[in-house]
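Structure record follows, encoded as structure tokens.
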Amino acid sequence: MHMKIIKFIILIAITLTVHKAHSQVAAADSAKTWIIKGENTFLINQSSFSNWAAGGVNSFSGNLTLNYDFNYKKGKWSWDNKVLAAYGLTFQKESDWRKNDDRFVLNSLLGHQASEYWLYTFFLNFNTQFADGYDYTESPKKRISRFLAPAYLSFGPGFAYKRSDNLRFNLSPAALRFVFVRDTLLSTRYGLDPNSKSRTEFGASFDAYYKVNLMENISFENILKLYSNYLDKPQNVDIDYTANLFMKVNKFITVNAGVQMIYDDNTAIPIIKEGVEVGKRNSALQIRQIVGAGVTYKF
């Protein structure tokens, strides 16, 4: 299963790269209305111990991330699209292979310029994961996520401020959001009614992006997403914040560190004590961290 996911992500990379080559030719014929860029990153972490007095666990992890932008600009109209696909595995002798990253994200923003930095917009966001996820504190392990379980689709009109590609935000005060769970065994875990496959929300959405160069070859990226559901506890704002630190060694070698924090009170988080699940709560902060050195190819 893991190899199928990795092969699928590589296929996406090849397809998008080929599409990019064709688009460059097309852009030359259309006054370069399309700008396409992307990066493929493979990070590696490894630790091993032999006769080490303090003890330790041999481990290895690999993470593949594809990050592509397809942006259109003509006159007062703009259309910015981002595709992100990421998958990672970690291996420890005691626990075998487990995934440590699994994301598929599509962001699209159609804009019409209102002034120098302001735009009228319509946004669309979709995100899910590729592979099954498990709770390993139970025996046998318990499935807690699958492809399209959950999946989130949001869209709506709004307005945006765009100072540059490195500083922008979009606010939609009337955004629809659909939560899909194709496996009804997981419905209640993600806030749906028992045996339900979808939930409809209506509220306000806010997306912000800021990237700064701290010094030569070192940059810091911030991505913030907020959502308030008018129909159910609007004061409980869903938060998704990602911070990435990029350190460039040379044209191809990079050192990356990232942390993602999610707060969603509709998602049931297990309470673990001494390696055993003793209950669930809906107000826990979810945290994911990745640090590694690897190879990056940009175009």
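Things to note:
- P(r) histogram, all alpha-carbon pairs of region 55-157 included - 5 Å bins from 0, percent: 3, 10, 15, 15, 14, 11, 9, 7, 6, 4, 3, 1, 0
- The stretch between Ser95 and Phe178, if pulled fully straight at 0.36 nm per residue, gains 26.3 nm over its current Cα-Cα span.
- Length added when fully stretched, Ile223-Lys74, from 0.36 nm per residue minus Cα-Cα: 51.0 nm
- In this structure, the pairs whose alpha-carbon distance is over 23 Å, taken from Lys162/Lys233; Lys142/Lys233; Lys73/Lys211; Lys37/Lys74; Lys211/Lys248, are Lys162/Lys233; Lys142/Lys233.
- Here the extension length gained between Leu214 and Leu106 equals 36.1 nm, from 0.36 nm per residue of separation less the Cα-Cα distance.
Here, each number is a calculation from the coordinates, and none is a lab measurement. From a predicted model like this one, the values you see are computed outputs, not experimental measurements.
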